[in-house]
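Everything below concerns the one structure shown next.
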Amino acid sequence: MATIKEIYKKADPTGEMLKVDSATLRGVGGAFLAVPVDEGKVFSREQFTEEHKMFSQTAIEFGENRILPNCEALNILNKDLSLEIFKEMGELGFLGIDVPEEFDGLALDKTTACIVVEALSAGKNTSILVTFSAHTGIAALPIIWYGNNAQKKKYLPKMSSGEWMASFCLTEAGAGSDALSGKTTAELNEAGTHYLLNGSKIFVTNGGWSDVFVTFAKTGVNQYTAFIIEKDFPGFTVGAEEKKLGIKGSSTVTLFFENCEVPIENVLGKPGQGAAVAFNVLYVGRYKLGVVTTGGAKYAIETAYEYAIEREQFNRPVTEFGMIQKKFVNMVVDCWEADCLNYMTTGSIDIALEGLDKSSTDYFDKIQSAIEDHGIEASLCKVVGSEALQRTVDEGLQIYGGAGFIEEYPFAALYRDERINRIYEGTNEVNRLIIGGTTLKKAINEEVPIRNMMLQRKIQWNPELNLPEKCVIIDEARVTEFCRSLFYAVLDDLILVNGQDLKSEQWVLEPLADMVIGLSIMDTAVKRFLQMEPGTKHTSETLEVLQVLIAQRSDELKSKAVYIWNYILDDNSAKEKKSVMEQYWAKLEYSFNVIKGKMKIMEKVSQYGKYYLDREEI
């Protein structure tokens, strides 16, 4: 009986039928799923332009000189100081990076927008970054993308300057992740001049300080519409500040609408377009949150090390103990993984937007489409960044010991502030559903040639790579492609067992999403490294981190595959799948000493005393 490999070889002897043109996938969301490491390229901080570096340095200096000295004062609700710093951000242009130039903005690329928000992490204050991010992202973008010319002219210049602050108001009691189940209504008055809004919105960031509010209400059966609200509209009330677990220096309130009179000219977009307005801006919020949390994690490493080098136990610094060293190494690896995904994502979106005519009437429609196409990447950034910060802060507090539990030390506030990141912008559970579900959609709809790659890898699980045998990461590249084939095998089995119902099978969709997360990190990391300048100190130090993450992530992917097979297949079939996987793995003859690899990374942590992989080439 002929094997699958023999059948496909006979039908397609040259391999042309299944060939994937990687060049056509530049700037396409989800491309990392199908483009092998020897064919694809990614954007990374090593490719920052001089303009990128200039904005970064300006934001770092503002963080260090303006935010950091006021860090404690900003950790409590301090409206006057927060608004003062917010307006200074406007004067520096930070609030207008995404705003069109004709409305007093800078209209810069998506990478620059993320560089600035990460650099502001130098101020080591979460609350002011929450205020900044909510205003420039989910509050401003709906008006930028969906507003008419009159709305943009009225609101955007003052929002860019910092004269006005804005809020995004979506969540309701009982309507969190299921946002479209909200009860707030909007009815047109008899004169046809105003909508009357009734209902409430909860957990509104910036709500107590804002002048402008983007909100949503039902205007008919299954019709959700967006509105721009001003703080002095009749029938609009701002509730008291919430007493929160963390981010205590940011404003969070409930908003009430009691026959709130909203002029018809304040409908944002078209009636019934509210769902698109709400969800499209959340993609940006997600990848920006990935950047914010990654920046916070990098500075948390430095904060933890500064204390650890001075903290002695048994007559020596705790940095000399292996288990403490392992914590620092894991922090560095986590941060570099997140950094890889963040700028791979912004770079790919920027490529997709290259050459668009800004004067075209559908310019912003095309921006939204490109960003929505990167929905998987946006969720990856959010999940990986927020969970990197979670682990870094938790381990940092542990390194502090009992002092970490005391409010006068920094990790108490960091621990409380960190927790929200896995909840807002879509919980991490929802984002894993998006990762798994959108991967399935792109495969079935052939938006990315995953099916072709599945067939290719049935013929050749461990493909030949177009890399020199002496390539310093040839082993890591081969392991990454093994894991790509493993992912295809698991996805194929899941589709065969569940079909399109897979999107509702959360028991397996979650570990599938984790496999996508692992593959995306491995793929992006290898591609990033292959583009680095060989022979530099920076490249050498990066190699040490890359080798550890490939070893760890490949083990995780194999474990997730077995976990899924054991659930969806009978015992014999699951064992057979595992046996095939292990045979192909053995053919790689791959071995890496993770502990020794981590010890090398710790040498660099001790040398620099902080996260060290953002430095200029040496």
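The values are calculated or read from the model by the stated rules, or taken from the named source; none is laboratory data. Keep in mind it's a predicted model, so treat the numbers as computed, not measured. Glycine gets a Cβ as well: all are built from the backbone with ideal geometry, and neighbour counts include every protein chain shown. These area figures cover heavy atoms from the full protein model, side chains too; ligands, DNA and RNA do not enter into them. Shrake-Rupley method; radii C 1.70, N 1.55, O 1.52, S 1.80 Å.
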query = Given the residues D109, D178, D104, which is the only one that is touching a Pro at 6+ places or on another chain (Cβ under 7 Å) and not hydrophobic (A, V, I, L, M, F, W, C)?
reply = D104
remark   = If we keep only residues of the stretch 243-275 that are touching a residue at least 60 places away in the same chain (Cβ under 8 Å) and part of a helix (DSSP H, G or I), then the residue nearest to D334 (Cα to Cα) is A275
key: Residue list for the stretch 271-303, filter: out of contact with any helix residue (DSSP H, G or I) (no Cβ under 8 Å at 6 or more places or on another chain) and open to solvent by less than 20 Å² (accessible area, probe 1.4 Å)   = G274
query = Does the stretch 483-493 contain any residue that is under 23 Å from the mean Cα position of the chain (by Cα) and surrounded by fewer than 20 Cβ atoms within 10 Å (Cβ to Cβ)?
reply = no
task = Could you grab me the full set of residues in the stretch 111-169 that are within 21 Å of T293 (Cα to Cα), aliphatic (A, V, I, L, M) and open to solvent by 20 Å² or more (accessible area, probe 1.4 Å)?
result = I138
Only one of S121, S133, S82 that is in contact (Cβ under 8 Å) with a residue 12 or more places away in the chain, over 19 Å from the mean Cα position of the chain (by Cα) and assigned to a helix (DSSP H, G or I) = S82
query = Can you name every residue in the stretch 85-118 that is without any contact (Cβ under 8 Å) to a residue 60 or more places away in the chain and not small (G, A, S)?
reply = I85, L92, F94, I97, D98, E101, E102, F103, D104, L106, L108
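Suppose we filter L353, L341, L414 for residues that are over 24 Å from R45 (Cα atoms), among the hydrophobic types (A, V, I, L, M, F, W, C) and either at pLDDT 95 or above or open to solvent by 60 Å² or more (accessible area, probe 1.4 Å) (or both); which single one remains? Walk me through it before giving the result.
On the way: L353 fails: over 24 Å from R45 (Cα atoms); L341 fails: over 24 Å from R45 (Cα atoms).
It is L414.
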message = Just the residues that are part of a helix (DSSP H, G or I) and either without any contact (Cβ under 8 Å) to a residue 12 or more places away in the chain or more than 26 Å from C71 (Cβ to Cβ) (or both), please, taken from the stretch 288-329.
response = E320, G322, M323, Q325, K326, V329
ask   = Filtering the stretch 578-598 down to residues that are in contact (Cβ under 8 Å) with a residue 12 or more places away in the chain and open to solvent by 70 Å² or more (accessible area, probe 1.4 Å), which residue is farthest from L530 (Cα to Cα)?
value = K578
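Condition check ((1) of a type in the set (K, R); (2) under 16 Å from A134 (Cα atoms)) across all residues:
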| residue | (1), (2) |
| --- | --- |
| K231 | yes, no |
| A240 | no, no |
| K244 | yes, no |
| E258 | no, no |
| K270 | yes, no |
| A275 | no, no |
| N280 | no, yes |
| G285 | no, yes |
ask   = Given T427, T439, which one is among the β-branched types (V, I, T) and crowded, with 22+ Cβ neighbours inside 10 Å?
value = T439
request  = Report yes if some residue within the stretch 137-147 is assigned to a loop (DSSP other than H, G, I, E, B), out of contact with any helix residue (DSSP H, G or I) (no Cβ under 6 Å at 6 or more places or on another chain) and either closer than 28 Å to S359 by Cβ or not β-branched (V, I, T) (or both); otherwise report no.
outcome  = yes
query = So which of E64, E91 ends up being touching a Gly at 6+ places or on another chain (Cβ under 9 Å), within 14 Å of M159 (Cα to Cα) and open to solvent by 40 Å² or more (accessible area, probe 1.4 Å)?
reply = E91
query = On the given criteria, is A525 crowded, with 17+ Cβ neighbours inside 10 Å, over 21 Å from the mean Cα position of the chain (by Cα) and touching a residue at least 12 places away in the same chain (Cβ under 8 Å)?
reply = no
query = Is there a residue in the stretch 51-74 that is among the charged types (D, E, K, R), touching an Asp or Glu at 6+ places or on another chain (Cβ under 7 Å) and not in a helix (DSSP H, G or I)?
reply = no
Residue list for the stretch 221-270, filter: touching a Gly at 6+ places or on another chain (Cβ under 8 Å), open to solvent by 70 Å² or more (accessible area, probe 1.4 Å) and not hydrophobic (A, V, I, L, M, F, W, C) = E258, N259, E261
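Listed here are the residues, each with its yes/no results for (1) at pLDDT 95 or above; (2) open to solvent by 70 Å² or more (accessible area, probe 1.4 Å).
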residue: A11; (1), (2): no, no
residue: G15; (1), (2): no, no
residue: G30; (1), (2): yes, no
residue: L33; (1), (2): yes, no
residue: S44; (1), (2): yes, no
residue: K87; (1), (2): yes, yes
